[in-house]
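Chemist: The structure follows.
The values are calculated or read from the model by the stated rules, or taken from the named source; none is laboratory data. Computed from a predicted structure; not experimentally measured. Positions of Cβ are backbone-derived with ideal geometry, glycine not excepted, and every protein chain shown enters the neighbour counts. Keep in mind that these areas ignore ligands, DNA and RNA; they rest on the heavy atoms of the full protein, side chains included. Shrake-Rupley method; radii C 1.70, N 1.55, O 1.52, S 1.80 Å.
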Amino acid sequence: MKKETRFNFQWATPDDEPDIRALVGSVPMPGAVSIRFAREPDYFLGTTIMGDPCDVLVVHHRHNGQLAGIACRSERQAYLNGQEAPLGYIGQIRVAESFRGNWLVHRGAKWFREASPPGLLYTGVISSENPRARELLVGARLPGGLHVAGRWGMTTYAIPLRARRVLRVPGVDVRPASLETLGEITAYLRLQGPRRQFFPSYRLEDFSGGIKLRGLRPEDIFVACRGDTIVGVMAAWDQAAYKQDIIDSYGPELRLLRPLYNLAARFIRAQPLTQPGQVIPLAIASCICVTEDDQAVMRVLLSACLQNAYSRGKAFLMIGLVDNDPLLTIARRYFHITYRSELFAVSWSGKSVNLLDNRIPYIEIATL
């Protein structure tokens with residue numbers, strides 16, 4: 001039987017949910033820490049934060065009906081060159097190990113191309129330690145006739161949490177948000193967000209509707225003010241109710257360091273490194289926006305989020321920014337575990353290749 005007829009491609013339905021959840025939770029992502037991304041209790045709860053629509057492509061083996069792979073495409077409003085516009089996202093690509101080597105991603109790209117509005121630009125993030133996935137976008141044969149419009153290095157820091165003194169900066173007041181202040185926060189993000197390429201175009205209902213920012217409570221959003229003027233926002237987003245990162249294994253270096261780290265953690269009131277097979281207790285720094293990239297404001301916002309996550313029993317705060325973002329230097333000062341990845345902008349339209357100006361990109365890593 002030819003490969004073209006061995007597999008059935010279709011858009012997922014609710015009946016596919018258990019198999020999708022099982023596949024996503026079983027495929028480890030390589031790295032210094034190999035992680036499996038579980039999506040309990042329902043995979044589709046997490047798709048609402050990726051965009052609307054969010055289409056999940058499933059591939060079944062025709063002979064036995066086994067789920068061979070999945071991939072997602074979504075759309076949301078974001079800022080491109082400072083203007084609000086639709087932006088696509090491609091991600092959640094998983095192929096069961098027994099079905100790799102069948103060009104499923106290249107063939108599935110044709111479905112995404114047909115579902116895409118003309119000229120839509122997509123973003124995607126690929127781990128630098130996942131050479132198979134990376135080759136798809138830097139290799140000689142791009143899937144489905146894609147054109148690469150941009151490519152940036154990204155760094156994510158997993159900052160271990162412990163009891164810390166919350167930093168203060170004279171003249172800068174940091175306070176948690178409330179239902180009453182969400183309107184001001186939204187207005188600030190819409191004013192300052194366009195300085196970053198791909199920054200989400202947030203609306204008030206995103207924060208109050210419980211769908212696009214599922215699980216993000218107002219009290220976990222921190223606002224920095226100088227007088228009555230907002231000068232920065234950052235949130236500590238807990239997604240454990242529907243997304244879980246599970247340790248699959250540690251690389252050689254961390255395996256050696258883990259006993260020493262766990263011993264030191266007892267003295268600084270930090271949690272030990274999560275055991276393989278267990279869920280990592282974490283929160284994700286989100287909605288990161290600072291007027292004029294003020295380093296002092298970034299310091300106090302990050303400090304507030306670290307303390308917030310620690311008080312909720314989390315072991316890590318994850319923060320991810322592109323490598324040339326000046327705000328990343330503040331996060332780098334903390335002890336951290338580093339994850340390297342690459343952000344891509346791609347399109348099926350060659351006209352979009354030269355579209356982007358030189359603004360610093362920003363991706364909400366919590367929505368990947």
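Chemist: Hey, if we sort His106, His63, His147, His336 by accessible area with the 1.4 Å probe, largest down, what's the order?
Modeler: His63, His147, His336, His106
Chemist: Based on the Kirkwood radius over alpha-carbon pairs, what value in µm²/s does the Stokes-Einstein equation return for the translational diffusion coefficient of the range 241-331 at 4 °C and 1.567 mPa s?
Modeler: My calculation gives 86 µm²/s for D.
Chemist: Also, quick follow-up: Assuming 0.36 nm per residue, please report the length gained on full extension of the stretch Asn130 to Asp323 beyond their Cα-Cα distance.
Modeler: The Asn130-Asp323 span can extend by a further 67.6 nm.
Chemist: Could you work out the equivalent-ellipsoid semi-axes for the range 54-206, taking the square root of 5 times each eigenvalue of the Cα gyration tensor, largest first, in whole Å?
Modeler: 37, 21, 16
Chemist: Find how much the distance from Asp52 to Ala115 grows on full extension, using 0.36 nm per residue of separation minus their present alpha carbon separation; answer in nm with one decimal.
Modeler: The span from Asp52 to Ala115 would gain 21.4 nm if fully extended.
Chemist: If you rank Phe222, Phe335 by how much accessible surface each has, with a 1.4 Å probe, what is the order from largest down?
Modeler: Phe335, Phe222
Chemist: Given a cut-off of 21 Å, what percent of all Cα-Cα pairs of the range 184-320 lie beyond it?
Modeler: Value for the range 184-320: 50 percent of Cα pairs lie more than 21 Å apart.
Chemist: Leaving out ligands, DNA and RNA but keeping every protein chain, what accessible area does Arg226 have, in Å² rounded to the nearest 10, with a 1.4 Å probe?
Modeler: So the heavy atoms of Arg226 present about 100 Å² to solvent.
Chemist: Work out the P(r) tail for the range 322-364: percent of alpha carbon pairs separated by more than 16 Å, whole number.
Modeler: Of all Cα-Cα pairs in the range 322-364, 53 percent lie more than 16 Å apart.
Chemist: Any idea what the relative contact order of the chain is, in percent, if you count C-alpha pairs under 8 Å spaced at least 6 apart?
Modeler: 25 percent
Chemist: Related question: Quick one: Kirkwood hydrodynamic radius for the range 1-89, alpha-carbon pairs, angstrom, one decimal?
Modeler: 14.9 Å
Chemist: To continue, here is another question. Would you check the accessible area of Glu129, probe 1.4 Å, heavy atoms only, in square angstrom rounded to 10?
Modeler: It works out to around 80 Å².
Chemist: Now a separate question. If you average the sequence gap of Cα pairs under 8 Å that are 6 or more apart and divide by the length of the range 146-237, what percent do you get for the contact order?
Modeler: Across the range 146-237, relative contact order equals 31 percent.
Chemist: Rounded to the nearest whole Å³, what is the per residue volume of the convex hull around the Cα atoms of the chain?
Modeler: Dividing the Cα hull volume of the chain by its residue count gives 134 Å³.
Chemist: In addition: When only the heavy atoms of the protein chains count and the probe is 1.4 Å, how do Ile211, Ile126, Ile221 rank by accessible area, highest first?
Modeler: From most exposed to least exposed: Ile211, Ile126, Ile221.
Chemist: Shifting gears a bit: Please give the per residue accessible area of the chain, computed with a probe of 1.4 Å over protein heavy atoms only, in Å².
Modeler: In whole numbers, the chain has 45 Å² accessible per residue.
Chemist: A follow-up question, please. Please report, in debye to the nearest 20, how large the charge dipole of the range 137-223 is about its Cα centre when each Lys and Arg carries +1 at its beta carbon and each Asp and Glu carries -1 there.
Modeler: 440 debye
Chemist: Note down the nm distance, to one decimal, between modelled labels 7 Å out along Cα→Cβ at Arg151 and at Arg333.
Modeler: Placing both labels 7 Å along Cα→Cβ, they lie 3.4 nm apart.
Chemist: Got a number for the accessible area of Ser311? Probe 1.4 Å, square angstrom, nearest 10.
Modeler: In the full protein context, Ser311 sits at about 80 Å².
Chemist: Taking every alpha carbon pair in the range 147-264, what does the distance histogram look like in 10 angstrom bins from 0, in percent?
Modeler: With 10 Å bins starting at 0, P(r) equals 10, 30, 31, 21, 9, 0.
Chemist: Antiparallel DSSP bridges in the chain: what percent, to the nearest 5?
Modeler: 90 percent
Chemist: Okay, next question. Rounded to the nearest 500, what is the 222 nm mean residue ellipticity of the chain from helices alone, with -39500 (n - 2.57) per DSSP H run of 4+ residues and division by all residues?
Modeler: Computed mean residue ellipticity for the chain: -7000 deg cm²/dmol.
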